[in-house]
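Below is one structure, written out as structure tokens; the observations come after it.
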Amino acid sequence: MRVLMIEDSIELANTVKAGLERENISVDVAYTGLAGEEKAFVNQYDALLLDLNLPDKDGLEILNFLRESQIETPIIIITARDEIQERAKGLDFGADDYLVKPFELLELNARLRAIIRRFHGRTTPQITIGDLVVNPVCREVTYSGNVIELKPKEFDILLCIAENYPAIVPLVKIAEHVYDEDFDPFSSVLRVHMARLKKKLGDAAGKELLKNIRTKGYQLCD
């Protein structure tokens, strides 16, 4: 999962970034509204965390601008504004959820996963593709009921591909979802992770589960 946080408090942004990254969520941070808008246009995110009280532009203006620009990425407003009118306005402008400061990282993490599930049209976190089951809550993968032991990045890669099943997922898109903006998508590190994941899935199933479609990307098979 890759998230953009638009927040002018460096201390809060760093705390949230560190906390979410411990949960294997990559986080990019923008400290101004304009910088956040630019990142939202340039990069592809699974979700946005948007503060309303920004130094250069009101968060509701940013929210309205993003929605009018057809950016449908799920957005959680995080703010100290706790009045009912402010919450209603944010939801009316297109926010998917609202979290009042101060908040617990555990709740933020749960809300992030919930809005992303809804965005992908799932009512439960578990993704089932044939005999393969990917559970993002407990970060467990099974095939025919048998657990497949994956390293954190291998799991993140598999989750990204599973969420887009049955589509072919380009390597660049995988990199954008699994790593932060400083990662080189053409790095050999990602290809090593892909090769290991492909082997582990194949060994568990006794057949090829993850196909490398030449020049296009990767696709799961049922």
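The values are calculated or read from the model by the stated rules, or taken from the named source; none is laboratory data. Since the structure is predicted, the reported quantities are computational estimates derived from the model, not experimental observations. Here Cβ is always computed from backbone atoms with ideal geometry, including for glycine, and neighbour counts include all displayed protein chains. In case anyone asks, the SASA skips ligands and DNA or RNA and just uses the protein heavy atoms, side chains included. Shrake-Rupley method; radii C 1.70, N 1.55, O 1.52, S 1.80 Å.
Output the pairs from LYS101/LYS153; LYS39/LYS173; LYS151/LYS211 with a Cα-Cα distance over 26 Å in this structure; if there are none, say none.
In this structure, LYS101/LYS153 exceed 26 Å between Cα atoms.
Net charge within 12 Å of PRO55 by Cβ-Cβ distance, Lys/Arg positive one each and Asp/Glu negative one each, not counting PRO55 itself?
Net charge in that neighbourhood comes out at -4.
Given the whole protein assembly as supplied and a 1.4 Å probe, what does the accessible area of LEU106 come to in Å², nearest 10?
About 140 Å², ignoring ligands and nucleic acids.
Roughly what % antiparallel, to the nearest 5, for the DSSP beta bridges in the range 50-139?
DSSP beta bridges in the range 50-139 are roughly 40 percent antiparallel.
Report the relative contact order of the range 140-186, percent, no decimals, based on alpha-carbon pairs under 8 angstrom and at least 6 residues apart.
Relative contact order of the range 140-186: 26 percent.
Find the accessible area per residue for the chain; the probe is 1.4 Å, ligands and nucleic acids are left out, and the unit is Å².
Averaged over the residues of the chain, the accessible area is 49 Å².
Quick one: pull the percent of accessible area on the range 1-119 belonging to carbon and sulfur, 1.4 Å probe, ligands and nucleic acids left out.
50
Looking at the chain, send over the antiparallel percent of its DSSP beta bridges, to the nearest 5.
The antiparallel fraction comes to roughly 45 percent.
Tell me what the chain gives for mean residue ellipticity at 222 nm when only DSSP H runs of n ≥ 4 count, each as -39,500 (n - 2.57), the sum divided by the residue total, rounded to 500 deg cm²/dmol.
Computed ellipticity for the chain at 222 nm equals -13000 deg cm²/dmol.
Contact order normalised by length for the chain, with contacts defined as Cα pairs under 8 Å and 6 or more residues apart; what percent is it?
The value is 16 percent.
Can you compute the charge dipole magnitude of the chain about its Cα centre, using +1 on each Lys and Arg Cβ and -1 on each Asp and Glu Cβ, nothing else charged? Give it in debye, rounded to the nearest 20.
Around 1240 debye, computed over the chain.
Relative contact order for the range 1-93 using alpha-carbon pairs under 8 Å, separation at least 6, rounded to a whole percent?
Reported as a whole number, the value is 29 percent.
Per-residue counts of other Cβ atoms within 10 Å, averaged by peptide: what ranking do you get for 153-165, 56-68, highest first?
With the highest mean Cβ count within 10 Å placed first, the list reads 153-165, 56-68.
List the trypsin sites (Lys or Arg not before Pro) within the range 154-209 that fall in a DSSP loop (any state other than H, G, I, E or B) and whose Cβ has at most 10 other Cβ atoms within 10 Å.
Hits after loop and neighbour filter: LYS207.
Could you order the peptides 78-84, 4-10 from most to least packed, using the average number of other C-beta atoms within 10 Å per residue?
4-10, 78-84
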